[in-house]
Structure formats: structure tokens, C-alpha cells
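What follows is a set of notes on a single structure, which appears directly below.
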Amino acid sequence: MDLNDTPEQAEYREEVRAWLEQHKAQAPPRSGSYEDKAYVDARRAWQRQLAEAGLAGVTWPREYGGQGRGPIEQVTLNQEISRAEVPGILDVIGIGMLGPCIIAHGSEEQKGRYLGPMLHGDEVWCQLFSEPGAGSDLAAVQARARHADDGTWTLNGQKVWTTNAQFASFGLLLTRTDPDVPKHKGLTMFIVPMDADGVTVRGLRQISGEAEFNEVFFDAVTLDADAIVGGEGNGWATALTVLMFERLTIGFGSDSFGSPARLAETVAADEAARQDPEVRERLGHVITELLSVRFNGYRALTALAKGQIPGPEAGLAKVTMVNAAIAATDLGADVVGPDALDPDSDWSYLISFLPGLKSAGGTEQILRNTIGERVLGLPSEPRLDKGVPFSELRSKEKEAVA
């Protein structure tokens, strides 16, 4: 594998770097509170600038406002944004995960209506998947949408851990539309306006002090028939597209949560730490893990560039990245000492934020099962619910509880 830029990639890198150097004075801070409307509006405006310069939705097809470039160019863009010390796009969930799903499964009317405003930050999106009783086992969602005689659907239920719901315009929601078939087959994906009658958003305060996640309630929300994405009963296949892009977003090609250079600089700045053999050993282990994720990501990007679809290694990257980032943060905090707990310290935020990523994008246990079965060829875990209608499963669960 040649990790050097091709002449074309080098030219693209120079173009991106030059634009960012010219405009970075107009960028908002890289971090801020998403409960602060002024900060969110500033991030929207910055995303709009990036989109108008062709630096948002880089891998989207040109006919939908993207640049039609490959994943290597997306990584190049991410690297140059990090180098310029400016924020990227605000709507990572929409552009990175939900937009590609709409491009793959949505109708032409949906693509024409939603993709442009999403790309330019005019309408931010959220992902309405997890529920109090259905997170890692996503196919067990219980939110229901019932078909009415006039062709509309009535939605009831609850979602939880929903990022950006507090200022999102739309959400992509997985719900059950047929309880009388096996659970994976009775699901449908809907586009939900977050300002619709019957939608209630409540923030969930985290240990970091921020309310980045939300719980969302749906009380007799009316959805039109054209709100379905991917066809009725095809929600599971549609959701898998989102999950693939979600794990790629969390796992591959990112130093956001564990930069080897930054960690090494922290250790090197402390004389006692850099001479401590235990600290040096920990530093070596952590940097090895972080670099392995980076190069595994490059291998996956090479496959993507050849038109291949990443497999379960996306989950492996996510598991490794999160655990390595937590270990890196623990080491950095040990070296910095009590100052790492200063509320204005980046270390303080990472200490409280990173452990939650063990559950984001699929829990570590579920991803390890997937890797064991699909990569290592280990025997599958027994599936007692295979082929059983969802309504029957729920009845058995209620009997067991009683």
C-alpha cells in the first residue's frame, strides 16, 4: 500500500489547505455548547460556507450537491480541517449517515426535497433508532406506526440517546409497522418532522454537564405515506445502510478522540512522566493501538475506493478506537494531574464523554459477537427468536416478567 498522495490527491490537498487558510478566520470555535443557539447558528453558517466551497458531502454524487469524490478525498479533507484547527460540518449525522441512506433508498422526490438543505446546514437531522428496551438489539424496537384508512400513518412510542434532536428539523426513524411477522421483517423507516404535533424532545444531562443526547416521545404523530424511506416492511435493510456509515464515521480515519502526537507531546512536556518507564510503556501501547486503527482504516478506504463494501471490520475499528482513546485520555489525565479536571480543560471533557462511546454505534459486546462470527468464523450465538412473530415474542416476555 502506497500511503503517499497521488499527484491528483496532492493537488486536492493543496486546494483544500489553501481555502481553509484563506477562510479560517471566519470559522467559529471548534467546541461550544449545543444548548447555545448562537453557537449552533454559527456552526450552521460555517457548514454553509464549507458546502458552497465543495467541502461538505464530498463523496455524495454531484447530482445531489456533492463532489462525487472518493473516500480518500474525504479523509484528506478531514485531515486538513484538523490541521487548520477549525470545526468541520455541524450535521455529521445527517451528511455522514442519513444522507447516504436517503441517496441509496429514498425516492427522487425525497432526494430533491431534503438533501440540499441538509448539505447546507439549513435543516439538521437526527437518528431516531435506539429505545429504552432496544439499543444493541435494534430489531426489537417497539415504537409503532399504524396504517390509517386515509393512507396516513399514526406514530406512537419513544426514542432515546438521540443526538441533536433539540435543534433538528427532521429525524430518520425506525419503527414497527407489522407485529405479526418476525421482528426483522416488520420494520419500516420514516422521515419525521421534529416540529410535528405530538413530538416532544427532552434533553438528557450528562456527567460532562452538557445535554448532547435527548429522549424523544411520539404521541399520535401523523405521517404521510410519502414519509416512508425504502418501502414498507423494508426498514431493517434501510437501517443497515445507516449503521454501516455510522460505524465508519466513528471508527475509521479519525484522530478526534486520541491523537498520538498530542498524547506524546503531553508526556514529553512533563520531565517526571517522560522518564517513568511505566508511563513510557503505557504510551507505547496506546500509540500502537491508535496507529493500528488508522492503518486498518486506510485498508478499508482502499477497499471503498475500489467499489467494495466494508464488512465487520468497521465494528472492529470502532471497538479499538474507543478503547484506545479512553486509555489515551486516562494516561494524559494521569500525567497532567488534578488540572485535567478543570472544567475548561479538554481532558476534563474527554474523561466524562468517551466512556459513553462504548455504546454508541452498537455496544462493544454486540460488535465483538459480530466480529467473532463473521470474521473469525466462530459458532453463532443461538437465536431463540428466529422466525417468531414479534407479537408472540412480546407476549412471552410479558409472561416471563409476570
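The values are calculated or read from the model by the stated rules, or taken from the named source; none is laboratory data. Only a predicted model underlies this, so the values are computations on that prediction, with no experimental measurement involved. Don't worry about glycine lacking a Cβ; one is built from the backbone with ideal geometry, like all the others, and counts go over all protein chains shown. Protein only, heavy atoms only, side chains kept; ligands, DNA and RNA dropped before computing areas. Shrake-Rupley method; radii C 1.70, N 1.55, O 1.52, S 1.80 Å.
Tabulated data
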item: Net lengthening on full extension, Glu278/Asp344 (0.36 nm per residue, minus Cα-Cα); result: 20.9 nm
item: Alpha-carbon radius of gyration plus Dmax, which is the widest Cα pair, for region 152-303 in Å; result: 22.0, 68
item: Radius of gyration, Dmax [region 36-97; alpha carbons; angstrom]; result: 11.7, 34
item: Kirkwood Rh (inverse of mean 1/r, distinct Cα pairs), region 82-205, angstrom; result: 15.7 Å
item: Mean accessible surface per residue for the chain, computed with a 1.4 Å probe while every protein chain stays in place, in Å²; result: 50 Å²
item: Sum of -39500 (n - 2.57) over DSSP H runs of 4+, divided by residues of the chain (222 nm, nearest 500); result: -14500 deg cm²/dmol
item: Cβ-defined net charge surrounding Arg48, 15 Å radius [Lys, Arg +1; Asp, Glu -1]; result: -3
item: Value of relative contact order over the chain, rounded to a whole percent, pairs C-alpha under 8 Å and six or more apart; result: 13 percent
item: Convex hull volume per residue in cubic angstrom - Cα atoms of region 178-225; result: 126 Å³
item: Tail weight of P(r) past 25 Å, computed on alpha-carbon pairs of the chain, percent; result: 61 percent
item: Distant alpha-carbon pairs in region 136-192 (separation over 17 angstrom), percent; result: 42 percent
item: Extension gain, Gln142 back to Thr6 (0.36 nm per residue minus Cα-Cα distance, nm); result: 44.0 nm
item: Cα-derived Rg to Rh of region 25-142, Kirkwood definition; result: 1.00
item: Protein accessible area in the chain, 1.4 Å probe - carbon and sulfur %; result: 51 percent
